[in-house]
Amino acid sequence: MEKVGINVEMRDAMVAHAGFCFPEEACGLIAVDADNLPRMVYTTTNVDRSRVKFTVSPKEHYGAIRHAESRGWTIGGSFHSHPDSSAFPSARDIDGALDPDWLYVIVGLGDGAPEVRGFRIRDYQVVEVALMEMR
């Protein structure tokens with residue numbers, strides 16, 4: 001299983017954003033460095049304002065790209081929450097996974113304590129990535 005190190009503060013930011021946006025889906029972007037390691041999480045507005053789907057605000061998406069590029073990073077992933085279910089990609093998530101190299105992180109809120117899991121989605125195939133907490 002692929003392992004990806006993720007900073008504890010980034011994980012906490014995703015969980016906090018999911019709680020803040022509840023009962024709607026939260027969403028955001030993940031910047032990665034040249035080694036494809038997560039460097040920053042950008043919490044963004046879900047313009048769909050929905051419990052079952054999300055669209056990152058285009059203005060905020062552009063701002064995240066500009067910020068990431070100013071530091072030599074790229075946007076290499078996204079995250080969103082599942083307010084009513086576990087942290088596993090839905091059919092909608094799989095259909096919307098356009099970049100096979102991206103890290104897709106889901107914060108599941110459906111079973112009490114937040115569950116944070118990462119995935120690669122290539123050709124409609126879901127492969128879990130072990131998110132290793134780093135300090």
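The values are calculated or read from the model by the stated rules, or taken from the named source; none is laboratory data. The model shown is predicted, which means the values in this text are computed figures rather than measured ones. Don't worry about glycine lacking a Cβ; one is built from the backbone with ideal geometry, like all the others, and counts go over all protein chains shown. Calculation scope for accessible area: heavy atoms of the full protein, side chains included, ligands and nucleic acids excluded. Shrake-Rupley method; radii C 1.70, N 1.55, O 1.52, S 1.80 Å.
Only residues that are at pLDDT 95 or above and outside any strand (DSSP E or B) were counted in segment 35-47, giving 2. Condition (residue is touching a Lys or Arg at 6+ places or on another chain (Cβ under 6 Å) and open to solvent by less than 80 Å² (accessible area, probe 1.4 Å)) applied to segment 58-70: is it met by at least one residue? Within segment 58-70, none of the residues are touching a Lys or Arg at 6+ places or on another chain (Cβ under 6 Å) and open to solvent by less than 80 Å² (accessible area, probe 1.4 Å).
Selection of segment 71-99 for residues being aliphatic (A, V, I, L, M) and open to solvent by 10 Å² or more (accessible area, probe 1.4 Å) yields 75, 91, 94, 97, 98.
Any chance you could count how many residues in segment 86-108 are at pLDDT 95 or above and in contact with an Asp or Glu (Cβ under 9 Å, 6 or more places away or on another chain)? Qualifying residue count for the region: 6. Mind checking which residues of segment 29-53 are open to solvent by less than 60 Å² (accessible area, probe 1.4 Å) and farther than 16 Å from residue 118 by Cβ? Within segment 29-53, 33, 42, 44, 46, 48, 50 meet the criteria. The sole residue among 81, 85 that is in a strand (DSSP E or B), of a type in the set (Ser, Thr, Tyr) and more than 18 Å from residue 120 (Cβ to Cβ) is 81. Scan segment 110-135 for residues that are modelled with pLDDT under 95 and aliphatic (A, V, I, L, M) and the total you get is 3. In segment 100-135, of all residues being in a loop (DSSP other than H, G, I, E, B) and in contact with a strand residue (DSSP E or B) (Cβ under 8 Å, 6 or more places away or on another chain), the one that is surrounded by the fewest Cβ atoms within 10 Å (Cβ to Cβ) corresponds to 135.
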